[in-house]
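Read the structure below first, then the notes.
The values are calculated or read from the model by the stated rules, or taken from the named source; none is laboratory data. Given the structure is predicted, the values throughout are model-derived calculations rather than measurements. Every residue, glycine as well, gets a Cβ built from its backbone with ideal geometry; the counts of neighbours run over all protein chains shown. Note: areas computed on protein heavy atoms with side chains; ligands, DNA, RNA excluded. Shrake-Rupley method; radii C 1.70, N 1.55, O 1.52, S 1.80 Å.
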Amino acid sequence: MNISKQLITMLTLAIIGICSVFAISFYKMGEVYTETNYGNVNTVPSILVMNGMMEDYYYLRVYAFEFLSATDQKSMDESAAMIKDVRASLDKKVNSYEALLSDKKDKDLYEKDREILKQYNELLDQFMALSKANQKEEARTLAFAKRPFLASIGDTLRNHMNYNKELADKM
């Protein structure tokens, strides 16, 4: 093999080596970007949706108290309308979270959120029915009896939000 063929062979190997290093680096950069961008793509939107769900839940509690405290039909109707609007907003947020699920534990927490909010809506319907029937004392008694359950709803949503924060910390 003469010198020119040796030089061409060495040059070809050098080019192949440089291209390999470039390809591997490019691939690794993509992996690092994907991992570091997880917070922007999933964690932050998840936490924002969870926060919105918590806000709506707390608004529902306030409007339910207003509904109970109302002394005239107009005030009850206004509170009922607000409850209806906030319920729709909460349902929309709960449904939108499904696209942000990241793993099995996240899905399990999401299902728990859905179930506890469903139970809360059933309780709210009972509460409102008693209040509409002018059985305000019974509605008040029901609300006070269910205080531990009501507190657990906020805890359930908060635990799910904290899990999303843990996922971000892992990345």
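The table that follows gives values for the structure above.
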{"item": "Residue within segment 24-40 that is of a type outside the set (Asp, Glu), touching a helix residue (DSSP H, G or I) at 6+ places or on another chain (Cβ under 8 Å) and either part of a helix (DSSP H, G or I) or exposed (fewer than 14 other Cβ atoms within 10 Å of the Cβ) (or both) present", "result": "yes"}
{"item": "All positions within segment 112-129 that are open to solvent by less than 80 Å² (accessible area, probe 1.4 Å) and in contact (Cβ under 8 Å) with a residue 24 or more places away in the chain", "result": "113, 116, 117, 119, 120, 121, 123, 124, 127, 128"}
{"item": "For residue 102: the one exception among (1) touching a residue at least 24 places away in the same chain (Cβ under 8 Å); (2) crowded, with 18+ Cβ neighbours inside 10 Å", "result": "(2)"}
{"item": "Filtered residues of segment 130-151 (kept if open to solvent by 60 Å² or more (accessible area, probe 1.4 Å) and assigned to a helix (DSSP H, G or I))", "result": "132, 137, 138, 140, 141, 144, 145, 147, 148"}
{"item": "Complete set of residues in segment 59-99 that are more than 21 Å from the chain's Cα centre (by Cα), open to solvent by less than 50 Å² (accessible area, probe 1.4 Å) and aromatic (Phe, Trp, Tyr)", "result": "63, 67"}
{"item": "Residues within segment 152-171 that are open to solvent by 40 Å² or more (accessible area, probe 1.4 Å), assigned to a helix (DSSP H, G or I) and either without any contact (Cβ under 8 Å) to a residue 24 or more places away in the chain or of a type in the set (A, V, I, L, M) (or both), tallied", "result": "5"}
